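Visitor: Please see the structure below; I have some questions.
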Amino acid sequence: MMPDGQAIALYEAIAATTCQMLDAARRNDWERLRELESRCPSLIHDLGDSSGIPLTDGMRDRTIALINQALDNNRAIQGLVGHHLAQLSKLIGSVRTERKLSDTYFQSSLGRE
């Protein structure tokens, strides 16, 4: 079992990481987002050792606030990523349409010669 202060430090690290991830998503820095996201599994794994630690009311409130912050950040990131994916999908569809038109034009111009 880890000391309660170490558990709070892990929750703070998770919340801070999700804050940085949200900032990266807002800046469309997808490589940085991916890099930060890769840190989360080990933080969460380390947190598993904190189960069963009795928390004071203040520590419980702080822990809940940190969890809520991380969840809020995650929801915001999902919204930004979803919006970005929708834009990419639209762009890909546009490129496909352009390619089909180009292929059709090319084929019809070959038939004229």
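The values are calculated or read from the model by the stated rules, or taken from the named source; none is laboratory data. Quantities reported herein were computed from a predicted structural model and do not represent experimental measurements. Counting neighbours? That spans all protein chains shown, and the Cβs are built from the backbone with ideal geometry, glycine included.
Visitor: Select, from Asp57, Asp61, Asp49, the only residue that is under 20 Å from Ala16 (Cβ atoms), at pLDDT 80 or above and acidic (Asp, Glu).
Guide: One residue alone meets the criteria, Asp61.
Visitor: Name every residue in the stretch 4-29 that is out of contact with any helix residue (DSSP H, G or I) (no Cβ under 7 Å at 6 or more places or on another chain) and either free of Cβ contacts under 8 Å to residues at least 12 places away in the same chain or of a type in the set (Val, Ile, Thr) (or both), in order of residue number.
Guide: Gly5, Ala9, Ala16, Asp23, Arg27, Asp29, listed by residue number.
Visitor: Continuing with this model, one more query. What about Arg34, is it in a helix (DSSP H, G or I), of a type outside the set (A, V, I, L, M, F, W, C), at pLDDT 80 or above and out of contact with any helix residue (DSSP H, G or I) (no Cβ under 8 Å at 6 or more places or on another chain)?
Guide: yes
Visitor: Here are Ile67, Ile44: which of them is in contact (Cβ under 8 Å) with a residue 40 or more places away in the chain, loosely packed, with under 14 Cβ neighbours inside 10 Å, closer than 18 Å to Ile8 by Cα and touching a helix residue (DSSP H, G or I) at 6+ places or on another chain (Cβ under 9 Å)?
Guide: Checking each option against the conditions leaves just Ile67.
Visitor: Return the residues of the stretch 70-85 that are out of contact with any helix residue (DSSP H, G or I) (no Cβ under 8 Å at 6 or more places or on another chain), of a type in the set (Gly, Ala, Ser) and either exposed (fewer than 11 other Cβ atoms within 10 Å of the Cβ) or in contact (Cβ under 8 Å) with a residue 12 or more places away in the chain (or both); say none if nothing qualifies.
Guide: Once the filter is applied, which keeps residues that are out of contact with any helix residue (DSSP H, G or I) (no Cβ under 8 Å at 6 or more places or on another chain), of a type in the set (Gly, Ala, Ser) and either exposed (fewer than 11 other Cβ atoms within 10 Å of the Cβ) or in contact (Cβ under 8 Å) with a residue 12 or more places away in the chain (or both), the stretch 70-85 yields only Gly82.
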